[in-house]
Amino acid sequence: MDLQEHYRYLAGYDEWANLEVISVLHGASQRLERPLKLMAHILGAEHIWLARVQQRPSPLPVWPDLTPDQCSEQARSLAKSWQDLVAGGGEILDRSVAYTNSKGEAYQSLVRDILTHVFMHSAYHRGQIASHMRQAGLVPAYTDFIHAVRQGAIE
């Protein structure tokens with residue numbers, strides 16, 4: 001597996017894991033404010049990073065207010081965008097992107113480092129969502145990477 005294929009694989013995992021969490025949020029017997037807020041943040045942050053790579057404004061803020069249905073729409077849309085980006089060729093991964101963070105600080109990062117950050121950031125917050133759900137007495141989505149591989153959920 002080359003680097004381009006590796007990031008395509010990780011983008012597939014990210015989509016699957018996000019949709020698994022959203023599915024559990026949909027089916028919860030109670031409205032879970034903090035987990036929903038964190039899921040919306042995952043998607044807002046992914047939009048911001050994608051916009052930075054594509055050198056355009058983000059359609060969402062870093063902490064958007066989204067319903068579970070809107071989260072599903074955004075997760076699917078983002079997944080296609082990440083897959084399209086990576087499919088653009090291996091050279092995209094070595095491209096340097098100049099951007100300004102939310103504090104107004106200027107940086108430059110390689111696309112492969114941005115992708116790694118995005119997928120790790122999302123996994124971190126999915127872990128927080130799982131913790132919040134357990135504290136509420138609910139069963140969170142099982143989103144371990146190896147589980148997705150074993151289930152054939154990503155290709």
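The values are calculated or read from the model by the stated rules, or taken from the named source; none is laboratory data. Owing to the predicted nature of the structure, the values given are computational and were not obtained by experimental measurement. Cβ: placed from backbone, ideal geometry, glycine included. Neighbour counts: every protein chain shown.
Considering the conditions (1) touching a residue at least 40 places away in the same chain (Cβ under 8 Å); (2) surrounded by fewer than 19 Cβ atoms within 10 Å (Cβ to Cβ); (3) part of a helix (DSSP H, G or I), ASP14 is excluded by exactly one of them, (2).
Tell me the helices (runs of 4 or more DSSP H) entirely within the stretch 37-155 that contain at least 1 residues that are modelled with pLDDT under 95 and farther than 15 Å from ALA17 by Cβ.
On the way: elements: 68-87, 111-135, 145-151.
Helices (runs of 4 or more DSSP H) meeting the threshold: 68-87, 111-135.
Restricted to the stretch 64-77, and to residues there that are under 24 Å from ARG112 (Cα atoms) and in contact (Cβ under 8 Å) with a residue 24 or more places away in the chain, the residue that is surrounded by the most Cβ atoms within 10 Å (Cβ to Cβ) is ALA75. Taking the stretch 90-109 as the region of interest, how many residues are of a type outside the set (Lys, Arg) and under 12 Å from ARG52 (Cβ atoms)? So the count comes out to 11.
Go through the stretch 126-139 and report how many residues are surrounded by 17 or more Cβ atoms within 10 Å (Cβ to Cβ) and under 22 Å from ALA11 (Cβ atoms). Break it down into steps so the answer makes sense when it comes.
First pass over the stretch 126-139, keeping only residues surrounded by 17 or more Cβ atoms within 10 Å (Cβ to Cβ): 126, 129-130, 132-133, 138.
Imposing the further condition that a residue be under 22 Å from ALA11 (Cβ atoms) reduces the set to 126, 129-130.
Adding up the residues that qualify gives 3.
Residue count for the stretch 21-49 satisfying the condition of being of a type outside the set (Phe, Trp, Tyr), buried (at least 19 other Cβ atoms within 10 Å of the Cβ) and touching a helix residue (DSSP H, G or I) at 6+ places or on another chain (Cβ under 9 Å): 17.
Close Cβ contacts (under 8 Å, 6 or more residues apart or on different chains) running from residues in the stretch 108-127 that are of a type in the set (Gly, Ala, Ser) to residues that are exposed (fewer than 13 other Cβ atoms within 10 Å of the Cβ) and outside any helix (DSSP H, G or I) comprise SER109/SER96.
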